[in-house]
Amino acid sequence: MELKEQINETKKRPEMGQAASPTQVHEEEPRRKIDNYQLYRAAHLPSTGRVEPFLKAFDQALNHELYRFPLRTYLETCAKCGNCILQCHLTCDDASNKSYLPPIRSDLLRKVYKKRYTLSGKLLGRLVGAEDLTEEMIDEMYESFYRCTMCRRCALECPMGVDNSLITRVGRVCLSAADMVPHNFRISVESQLHGPARNTSAIPEKAFVDTVEFLNEEMEEMTGLPIRFPINKKGAEMLYLAPVSDYIMEADTLMGCAMTFYAAGADWTIATGPASDAINYGLFYDDRRLQQILEQLYEAVKALEVKRLVMGECGHATKTQKIFSEYFGGKLPFEITTMFDVTAEYIRTGKIRLDPGRNTELVTLHDPCNLSRMGGISETLRFVLKSAVSNFVEMEPHGEENFCCGGGGGTVGFEEIYDFRMEVAGRKKAEQLRQTGARIVAAPCANCKKQLRELIDYHKLEMEVLGIHDLVAKALVLGSQDEEGPSKRVSS
């Protein structure tokens, strides 16, 4: 049976976690076609001389201890059954554009592998789906690999256990070796590694400190209490690490975390310099830069002599620390955990008290792929959120089976594919949001927050996006506050 026929047959099956047909909403509101394929092309990208460095990086990946076994296994295995297509938020309800299909995307690299590494491919070539790499294929890979959000939902239902996300990531690593790097990734990483402020947003240290002082004043005005962000406190028990962009865009989340630490009587600090920014875009495209960013961060953390590195509301940054910390950083003299684990610990031990009656509107939870499916903390997210709100509804599916927001894998930063993110990558999430009837979606990830806010605006949904600790702050019972507490101002 041809792949197209298999896809059509597979689409008749019910989707994981849902009783309704996945095409039901689209029959009422057809998806606008996004057929412009060359959305990522830009003047800074080379057009020739890319094959040799790409193949060199590919050879290195195939022999690298991290990738050797799984990558070869996935490239040698694909049943062409179409299950991954049904699980992918890009294609589960519209498989008409073949460039979006997970098996077609993975085949771009699989063809090169077969030609270069298998006897049948060397002898029979295209007869067995093997091809020599060309400049034109690299252009196609660049477009396709940066459409995948690397959410890994496809791997849940693959009968052969193929992880298309890993193939995508290795493809991006090889593209980086050929100097095919999206401009925003390049600029942000250079700023983080070599800029004077050592953060992705190039926020000068003075501006960072001024912002923190403003937040201190805001918290005191809200609560009547001297709640502060300690800065560069050497020997503190915990260093809180959030994306530096949160200091510009997610002040309520930051203040919620600071209030939580205050209520628990915690010994904590934030930092300037390399330890001011949790972002690590190396995760999305380049292991060498991923390692350099981690090493720079860990040197700063060690200098502060803290016992715990506490990750803020950021999915990809948390995944980076959890998966790559000891591989690239060696045995570290501090523990790495998340703010959600810390807050859950405070709730369970009675160090903080929450009044869920202060958050009465219907709330749903978006599970960031890097936290729930790949981070294993979906139940911790729910425990904290349900402790802070009195009216909660689940999306379907949720937890490990959640759908990506449509901005994962760094794609949320590509404004040139805004229409694609809204109409293709994010439409499934917009449907989920609408079906909950919720007025608030809690999104414990900086990238997810940006994507979801844009989706809500684009699809005209009557709801708002908050962080989990925005809602925790509103529910916190603080000793000296008046009866309304911080809920008077937080997220108002």
D for the range 194-270, whole µm²/s, Stokes-Einstein with Kirkwood Rh over alpha-carbon pairs at 25 °C and 0.890 mPa s: what number? 188
To the nearest 10 degrees, how steeply does helix 315-329 sit against the main Cα axis of the chain, on a 0 to 90 scale? 80
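Looking only at the chain, where both bridge partners belong to it, what percent of the DSSP beta bridges are antiparallel (to the nearest 5)? All intermediate terms of the calculation are to be shown ahead of the outcome.
Values: 1 of 20 bridges.
Within the chain, antiparallel bridges account for around 5 percent of the total.
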Take peptides 367-377, 50-60 and line them up by average Cβ neighbours within 10 Å, highest first, as a rough protection proxy. 367-377, 50-60
Apply the Karplus curve 6.51 cos²θ - 1.76 cosθ + 1.60, θ = phi - 60°, to the phi angles in the range 88-98 and return the couplings in whole Hz, x for Gly and Pro. 7, 5, 6, 10, 5, 10, 7, 9, 6, 9, 5
Within the chain, helix-based [θ] at 222 nm, where runs of 4 or more DSSP H residues each add -39,500 (n - 2.57), nearest 500: -13500 deg cm²/dmol
Labelled set [x] 25.8, 93; [y] 23.0, 79; [z] 21.4, 64; Rg and Dmax of the Cα atoms in Å computed from this model equals the value at [y]
Are any of the pairs K206/K307; K80/K111; K56/K114; K56/K111 more than 18 Å apart by Cα-Cα distance, and if so, which? K206/K307
How high is the relative contact order of the chain? Use alpha-carbon pairs under 8 Å, at least six apart in sequence, and give a whole percent. 15
For the charge dipole of the chain, defined by +1 on Lys and Arg C-beta atoms and -1 on Asp and Glu C-beta atoms about the Cα centroid, which residue among N391, V173, L127 has the Cα displaced farthest towards the positive pole? L127
Collect residues whose amide H, placed 1.01 Å from N in the peptide plane, falls under 5 Å from the amide H of A242; neighbours closer than 5 in sequence don't count. A278, G312
Acute angle (nearest 10 degrees) that the helix 135-145 long axis makes with the longest principal axis of the chain, alpha-carbon atoms: 40
Apply the Karplus parameterisation 6.51 cos²θ - 1.76 cosθ + 1.60, with θ equal to phi minus 60°, to every residue of the range 371-380 and state each ³J(HN,Hα) to the nearest whole Hz, in sequence, with x for glycine and proline. 9, 8, 6, 9, x, x, 10, 4, 6, 5
Taking Cα centroids, how far is the range 51-118 from the range 268-335 in Å? 29
Computed over the chain: longest principal axis from alpha-carbon atoms vs helix 427-436 long axis, angle to nearest 10 degrees, is 40
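Once you keep just the Cα pairs under 8 angstrom separated by 6 or more residues, what percentage relative contact order results for the range 267-341?
On the way: 70 pairs, mean separation 24.4, N = 75.
Averaging sequence separation for qualifying contacts and normalising by length gives 32 percent for the range 267-341.
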Taking amide H atoms as placed 1.01 Å from N in the peptide plane, list the residues 5 or more away in sequence, or in a different chain, whose amide H sits under 5 Å from that of C405. C369
Considering amide H positions built from the backbone, and no H for Pro or chain starts, which residues 5 or more places from I227, or on another chain, come under 5 Å of its amide H? E220
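List, in the order given, every pair from K98/K429; K429/K460; K322/K351 whose Cα-Cα distance in the structure shown is over 18 Å. Display every interim value, and only then the final one.
Numbers: K98/K429 21 Å; K429/K460 13 Å; K322/K351 26 Å.
Pairs exceeding 18 Å: K98/K429; K322/K351.
Read the figures in this text as sums done on the coordinates, not as results from a lab. Source: prediction; values computed, not measured. Quick reminder, even Gly has a Cβ in these numbers, built from the backbone with ideal geometry, and neighbours come from all protein chains shown.
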